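Below is one structure, written out as structure tokens, with a few remarks after it.
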Amino acid sequence: MAHHQKTDVLMTASRTLAEQITSFLRPAGRWLTIFGASVLLVAFLLASPMVLGEYAQQILSQAFFFAIAAITVDLLWGYTGVLTFGQSAFFGIGVYTVAIALAYYVDGALATAGMIFAAMVGAALVGAAVGWLSFWDRASPIYVAIVTLALPVVFTQIILSGGAYTGSSSGLPIPVPFLSITEWYYIAGGLLLLVAIGAYVFVSSDAGRVLVAIRENEERCRYLGLNTSRLKIRLMTACSAIAALAGASYVLFSSVAAHSYGDFVFGTELVVWTALGGRGTLIGPILGTVGVNYVSALLGGNLPFIWLLFVGFAFVLVVVYLPQGLVPAIGQGLSMLVRPIRQLLNRGWNAAAAGAQPGAWAAGAAVALSSAADALGQRRGVIGVPDEAPVLELHDVGMQYGSLVALHGVSLKAYRGEVVGIIGPNGAGKTTLLRCIADGRERSTGEVLINGHRIDRLPPQRCVAFGVSRKFQTPNVFDALTVLDCLRVARSYRKPTSPWRRSRTVELPEPALEAVEVSGLTTMLNERAGHLSHGAKQALELAMVLAQEPTVLLLDEPTAGLTRDERAAIGSVLTELAQSHRLCILLIEHDLDFVREISTRLVVLHMGKVLLDGPLSEIADSDLIRSIYVGGTA
Ligand code: ATP
């Protein structure tokens, strides 16, 4: 029988201004809020020409097209942590695909629409190639910076060497449909609204949380079974197509294609505008782009150099003093102002809801945490008796760092229901051993089998599929996400996340649910993980790892830095996991008393070799163990 539990908690964590607004209006529902905001913005867009002159509309139309490209920079850099200078090149691909087509080959509305689509497809293909070059497994973070720096340079060279065909440095004039300035203003503003709303729906969805998780701790994501390379390549592909859409539409507005729309300077400006406004907020890059372009047009004519100097100076100041950008700083100020009103309203809503449905609003809006249909229930077995077939086998595993041999011919078998304590002095090779089990690319020699599957040279995200999960030595959680979102991201390996829906519940398998309950995390589901105590972070990471439903659980000093009570709680969870849920646990610990309390078997490592391997009862008091820990010579 599945064990079901519901916990009601207040959803208070608000990170971006947009999220603060959504959270403020939460009872109206996320979709209703998005719809309401869209209607307001459309009305504002339609009414604004009444107060804006034609010059202002023209400048703003240009800024709106640029802002679409800035949104793609924000999705990549602000949300996912991929710093890119190359979005200008995709904008340029859009500009030149449509310009060359209209200048030489096609004409008419349908053909123009077809060329915009072709530009998006072409940019998406280039984006996919750039993504693959930048993010292939084991690519270092510097790759993307180099590739995206090179891209606008290559693009500009192609345009400049194209002679009269591309217009070279003089630009390529094209025949464009005649539309009034106000009509262009509506088109540019409408397109920006559409892209901004789509981007907001995406980043505030469950899949959007995964992007932030990648930004916060990509390694943890990989060890949670997420193929981060593939996710980033897909995102780069989509962002390239959107930037091309902006460029393709922009050239119809400007009627001249110029190489500066795809060059490195424009690529850097997009990054600067995004940083000034506030990355990772969507609204920040839009306001940053529109603000800088608008003021540039007003001041740039009279004070061209001083204005550029001012923008550069402002950029440096913001990076140093407001690293999150201007909009989050303003948002924080505003939220301090509205907090009393919000608290008052929340109290009113809570009281009303508590009256209607006792308990459901006890602490605010309902966010449920429930156990998954209990596949693990079938794993319950006889307490303390290991299964016959090993779930983990190591044959002659060796690991060398240059001339240093960290592991030497380690062979080991482990079974369900066992807690194997791996002990040994510092530098014995304990962490290296866990690394070799969780990542096929780590070991130098030998073989590792998980549930009968050879892990060969597979990366950690593929090893997770065989049933192995690893908890790191220091707590590895996603600091910017709430506890609930961390659990949801961890669970996304089993249950794919939606790119538009924002779920308010997360289904967890029973062991993960137990870890959450025992550690008291149920009362902190909407706390930011970065604000948790060390012990709570350790428990959260354990719950995240258990959300993978592993059969082999690798724990590297899970009680380091914990209080006595926290240690006892974790100990009871681990014992329960092995006994009731039949997990095989490999545990590195320096606290010998803790190891004695919960292990069923001990493996002693010394200088990369297994010195002793046997049941706790037989070897716990051996002279060897005493000498290793007390410093004797046995
Ligand atoms: P501790 O208890 O201090 O965590 P450990 O038993 O886990 O130690 P490992 O971290 O596995 O030991 O290290 C085993 C040996 O390999 C040590 O001598 C260490 O210095 C070395 N080592 C570990 N990682 C690397 C690395 N990335 N490059 C070079 N040497 C390394």
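The values are calculated or read from the model by the stated rules, or taken from the named source; none is laboratory data. Because the structure is predicted, anything quoted here is derived from the model rather than measured. Neighbour counts are summed over all protein chains in view; Cβ atoms, including those assigned to glycine, are modelled from backbone coordinates with ideal geometry. Only protein heavy atoms, including side chains, enter the accessible area calculation; ligands, DNA and RNA are left aside. Shrake-Rupley method; radii C 1.70, N 1.55, O 1.52, S 1.80 Å.
Summary table
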| quantity | calculated |
| --- | --- |
| Kirkwood hydrodynamic radius (C-alpha pairs) into Stokes-Einstein, the range 123-178, 37 °C and 0.692 mPa s, D in µm²/s | 245 |
| Spin-label pair Thr182/Arg454, simplified geometry with 7 Å Cα→Cβ offset, distance in nm | 7.3 |
| Mean Cβ neighbour count within 10 Å, used as a protection proxy, ranking 407-416, 72-81 highest first | 72-81, 407-416 |
| Projected-area mean, the range 68-175, by convex hull of Cα positions, square nanometres | 7.3 |
| For the range 69-331: accessible area per residue (Å², 1.4 Å) | 40 |
| Crossing angle, helix 228-254 versus the chain [Cα axis fit, 0-90 degrees, rounded to tens] | 10 |
| Ellipticity estimate at 222 nm from DSSP helix runs (n ≥ 4, -39,500 (n - 2.57)) divided over the chain, nearest 500 | -17000 deg cm²/dmol |
| Degrees separating the helix 326-356 axis from the principal Cα axis of the chain, which is the longest one | 60 |
| Dipole of the range 69-331, positive direction: furthest Cα of Ala139, Asn293, Tyr185, with charges on the beta-carbon | Ala139 |
| Peptide ranges 278-284, 174-180 listed from the most packed, as the mean C-beta count within 10 angstrom indicates | 278-284, 174-180 |
| Descending Cα extents along the principal axes, the chain, whole Å | 89, 66, 44 |
| Length gained when the stretch Glu576-Leu298 is fully extended (0.36 nm per residue, less Cα-Cα span) | 93.2 nm |
| Long-range lysine pairs (8 or more apart or interchain), the chain, Cα under 25 Å | 14 |
| Sites Ile142 and Thr563, calculated FRET efficiency, Cβ-Cβ separation with R0 51 Å, nearest 0.05 | 0.80 |
| Cα-centred dipole magnitude for the chain, charges only on beta-carbon of K, R (+1) and D, E (-1), debye, nearest 20 | 700 |
| The chain: angle of helix 181-203 to the longest principal axis, Cα-based, in degrees nearest 10 | 0 |
| Candidates per chymotrypsin sites (Phe, Trp or Tyr not before Pro) in the range 104-177, loop by DSSP, up to 16 other Cβ within 10 Å | Trp136 |
| Spacing of the two label points (7 Å from each Cα toward its C-beta) at Leu110 and Leu83, in nm | 4.8 |
| Residues of the range 392-630: accessible area per residue with a 1.4 Å probe, Å² | 36 |
| Descending semi-axes in whole angstrom, ellipsoid equivalent of the range 392-630, from the Cα gyration tensor | 30, 21, 15 |
| Rounded percent of accessible protein surface that carbon and sulfur make up, the range 69-331, 1.4 Å probe | 75 |
| ³J(HN,Hα) computed for each position of the range 31-46 - Karplus, 6.51 cos²θ - 1.76 cosθ + 1.60, integer Hz, glycine/proline x | 5, 5, 5, 4, 5, x, 5, 5, 4, 4, 5, 5, 4, 5, 5, 5 |
| By average C-beta atoms within 10 angstrom, highest first, the peptides 577-587, 598-608 | 577-587, 598-608 |
